[in-house]
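Since the structure comes first, as structure tokens, the remarks are kept for the end.
Where a number appears in this text, it was derived from the coordinates with a stated rule and is not lab data. The structure presented is a predicted model; accordingly, all values stated were derived computationally and were not measured. Neighbour counts are summed over all protein chains in view; Cβ atoms, including those assigned to glycine, are modelled from backbone coordinates with ideal geometry.
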Amino acid sequence: MKHVIIVGGGAAGMTAAIMAARHGARVTVIERMQRVGKKLLATGNGRCNLSNRRLDASRYHGRRPGFVAGVFARFGLEDTLDFFGALGVEFMEENEGRLFPVSQQASSVLDVLRYEMTRLGVAEVCDTIVQTVTSKHGKLRCVCGNEQTFEGDRVIVCAGGKSSPNLGSNGGGYKIAQALGHAIVEPFPALVQLKLDAPWLKRIAGISVPGSAHAWIDDNLRRTETGEILFTEYGVSGTAILSLSRTISESMLQGRSAQVRIDLFPALTPGELTALLQRRCAHAPFKPIDFSFVGLLHKRLIQAALQSAGIQDVQRPCGELSSDEIARIAATLKAWTFPATGTQSWMFSQVTAGGVDVDELDPATLQSRLAPGVYFAGEVIDIDGDSGGYNLQWAWSSGAVAGICAAS
Ligand SMILES: Cc1cc2nc3c(=O)[nH]c(=O)nc-3n(C[C@H](O)[C@H](O)[C@H](O)COP(=O)(O)OP(=O)(O)OC[C@H]3O[C@@H](n4cnc5c(N)ncnc54)[C@H](O)[C@@H]3O)c2cc1C
């Protein structure tokens, strides 16, 4: 019987453990935190957006995102739904194909995974940090921080990326991979809040609006996302921004100039918005300019938007606004432009882009091409997905494939 050691008891590690045990291996999971699955509890705001009906390779990124196709061909969405269905999880679908457990509890997903690991006799060794994986006399040895060593026939490294280190993943997996000779594509935070440069951010912090956010890199439009935009003291957050953040984060890493342009009226063309503002001014020309926007814009956004459009005296009657000034205000509301100055830190990012270079992994098995018997799965690999359940799906699928192949 093969002994498979799994480094990291996150989403990928637990799936790998179950699959390896189901395929006849003796399995040990080594986890640096006090218990496995801590990050899983925080996913989907505690509800666990565990996959997405619209699963497609185009939702993934990295130096070679097409790498996911082979893994999903072997263990895809239907396999994942069958896997969790058999463990007792019922699914409900929300907007844009997002899948959640009907219980609406991430803890229930963790509970069924742990129940199955226990049923299969998987050993859990917690509070233990694997530092290196070495090979000796045909065996693989995991050397841990507390001077403990574990010997096995196969090792699957599922140590995650660098995001949210308080939940366990702190980049330790990259060190293990590098010591085995693997190249690491430079990691950077994805699905993360953005820092912007604007003098009035403090005044509008806390306001959340629906809208579209555009990433402009070196004056070229690179990505558009629609959804919630939350202004904060340092910049912006919200679903649209998190989805946009990878593009901004990567460009800044490359030393390119990045801007976020916010469209507060995505349903209207610039011409339609200009006409709407003209009608409002003509209807009540005596109202002060700032008050003429009440009912159209969030009240705390009005001053900042007018200032940004270069309107100085906002107490003038709005009937005095020239057509040029109205067009300028409409242009600001359609493309409110903020230079990006950075991202929030690793502590706040949900996902890590970059990681173990896929060129050095066998796409059919996820086995290292450099260190026979060592496999990689989950976020530690240079693959990251869009927001919406795609990252957990990658963890389940890659964990399952590595687990099956390591045990076989
Ligand atoms: C707040 C938050 C919300 C999220 N929500 C969602 C969501 O709803 N849907 C979605 O698809 N994705 C979501 N994600 C992303 C998703 O959680 C991750 O992509 C996924 O958990 C990655 O799984 P993994 O097993 O590869 O890594 P992780 O889940 O990070 O697990 C890695 C494990 O390895 C352990 N470890 C690390 N180094 C060592 C070592 N040297 N020795 C021993 N153990 C080690 C860590 O403690 C950790 O338990 C969210 C992330 C965060 C932070």
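Express in nm, to one decimal, how much length is gained between M347 and R316 on full extension, taking 0.36 nm for each residue of separation and deducting their alpha carbon distance.
Extending this stretch completely gives an extra 6.6 nm.
List the GluC sites (Glu not before Pro) within the stretch 152-234 that fall in a DSSP loop (any state other than H, G, I, E or B) and whose Cβ has at most 15 other Cβ atoms within 10 Å.
Those satisfying the criteria are E233.
Quick one: putting +1 on the C-beta of Lys and Arg, -1 on the C-beta of Asp and Glu, what dipole do you get for the chain around its Cα centre, in Debye to the nearest 20?
Dipole about the Cα centre, nearest 20: 420 debye.
Ordered by residue, what ³J(HN,Hα) values in Hz, to whole numbers, does the stretch 185-191 give under the Karplus form 6.51 cos²θ - 1.76 cosθ + 1.60, where θ = phi - 60° and Gly and Pro are x?
With coefficients 6.51, -1.76 and 1.60, one gets 5, 3, x, 8, x, 10, 6 Hz.
For the charge dipole of the chain, defined by +1 on Lys and Arg C-beta atoms and -1 on Asp and Glu C-beta atoms about the Cα centroid, which residue among I289, V192, I326 has the Cα displaced farthest towards the positive pole?
The one lying farthest along the dipole's positive direction is V192.
For the chain, find the longest principal axis of its Cα atoms and tell me its angle to the long axis of helix 390-407, 0 to 90°, nearest 10.
The angle comes out at about 10 degrees.
If one takes the longest principal axis of the Cα atoms in the chain, at what angle in degrees, from 0 to 90 and to the nearest 10, does the Cα axis of helix 77-87 lie?
With rounding to tens, the tilt is 60 degrees.
Can you compute the label reach from D82? Point 7 Å from Cα along the Cβ direction, backbone N cut-off under 15 Å, restricted to the stretch 1-20.
19
Residue separation times 0.36 nm, minus the C-alpha to C-alpha distance between T132 and S323: what's the value?
Extending this stretch completely gives an extra 62.0 nm.
For the stretch 228-296, what does the equivalent ellipsoid look like in terms of its semi-axes, each the square root of 5 times an eigenvalue of the Cα gyration tensor, given largest first in whole Å?
34, 14, 11
Against the 2.2 N^0.38 Å scaling, with N counting residues, where does the chain land? I'd like the Cα-based Rg ratio to two decimal places.
So the Cα radius of gyration is 1.15 times the expected 2.2 N^0.38 Å.
As I understand it, the value is the acute angle between the Cα axis of helix 239-253 and the longest principal axis of the Cα atoms of the chain; what does it come to in degrees, rounded to 10?
80 degrees
Relative contact order for the chain using alpha-carbon pairs under 8 Å, separation at least 6, rounded to a whole percent?
It rounds to 25 percent for the chain.
Pulled fully out, how much extra length does the chain show between F291 and R279, if you take 0.36 nm times their separation in residues and subtract their Cα-Cα distance?
Between F291 and R279, full extension yields an extra 2.8 nm.
Over all distinct Cα pairs, what is the inverse of the mean 1/r for the stretch 193-343, reported as the Kirkwood hydrodynamic radius in Å?
Averaging 1/r across every pair of different Cα atoms and inverting gives 15.8 Å.
With an 8 Å cut-off on Cα pairs and a minimum separation of 6 or more residues, tell me the relative contact order of the stretch 364-406 in percent.
Relative contact order for the stretch 364-406 comes out at 44 percent.
Out of all DSSP beta bridges in the chain, what portion is antiparallel? Express it as a percent rounded to 5.
The answer is about 75 percent antiparallel.
Let me check against my output: what whole-number percent is the relative contact order of the stretch 193-343, with C-alpha pairs under 8 Å and at least 6 apart?
30 percent
For L268 and E233, FRET efficiency with R0 = 30 Å and r from the beta-carbon atoms, rounded to 0.05?
About 0.55, to the nearest 0.05.
With the cut-off at 29 Å, tell me which of the pairs K202/K287; K162/K299; K2/K175 have Cα atoms farther apart than that.
Beyond 29 Å between Cα atoms: K162/K299.
Suppose we look only past 25 Å in the calculated P(r) of the stretch 80-194. What percent of the Cα-Cα pairs does that tail hold?
Above the 25 Å cut-off, the stretch 80-194 has 45 percent of its Cα pairs.
Would the stretch 359-408 count as rounded, prolate or oblate if I go by the C-alpha gyration tensor, calling it rounded below 1.5 in a/c and otherwise prolate when a/b exceeds b/c, oblate otherwise?
It comes out oblate by the Cα gyration axes.
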